[in-house]
1. For region 79-100, indicate whether the set of residues that are among the aromatic types (Phe, Trp, Tyr) and in a helix (DSSP H, G or I) is non-empty.
2. Filter region 17-40 for residues that are exposed (fewer than 11 other Cβ atoms within 10 Å of the Cβ), among the basic types (Lys, Arg) and on the phi < 0 side of the Ramachandran plot and give the result.
3. Can you find a residue in region 41-62 that is assigned to a helix (DSSP H, G or I), polar (S, T, N, Q), open to solvent by less than 50 Å² (accessible area, probe 1.4 Å) and modelled with pLDDT of 90 or more?
Amino acid sequence: LRLLPKQRYLRTERAEVSTLERRRNVLCCLITRILKVEKQLHIDNLVFRVIDACQKGRLGPGVQFLSFCCHSVDVLSCVLHLLNQGYLRRQEGRPHVLEY
């Protein structure tokens, strides 16, 4: 049995973190692009459209990227992040509707 040096494990963890950050950035970009076009959207519809775009690897004719699997929890996490950053807001009286 041979143990790998510790540095290889660190490189692997950094690569995984980098991949997760790239996916999060793609999700945030998809969310903002969809809401820029729609202006306002029910959160359920937004989640569905983002997941669909991730599976297809494209959002409309001009935006293509490597497809990947994402879950509603991933999208909702990015929505919360964008809400906290001030890029998105909830409609007054209708918190389930998001606006850009």
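1. Looking through region 79-100, none of the residues is among the aromatic types (Phe, Trp, Tyr) and in a helix (DSSP H, G or I).
2. Within region 17-40, just LYS36 meets the criteria.
3. Going through region 41-62, the residues assigned to a helix (DSSP H, G or I) turn out to be 43-56.
This time we only want the ones that are polar (S, T, N, Q), so: 45, 55.
From the residues that got through so far, the ones that are open to solvent by less than 50 Å² (accessible area, probe 1.4 Å) too are none.
The answer is no; no qualifying residue exists.
The values are calculated or read from the model by the stated rules, or taken from the named source; none is laboratory data. No experiment lies behind these values; they were computed from the predicted model shown. Every residue, glycine as well, gets a Cβ built from its backbone with ideal geometry; the counts of neighbours run over all protein chains shown. Areas reflect the complete protein model, heavy atoms only, side chains present, ligands, DNA and RNA absent. Shrake-Rupley method; radii C 1.70, N 1.55, O 1.52, S 1.80 Å.
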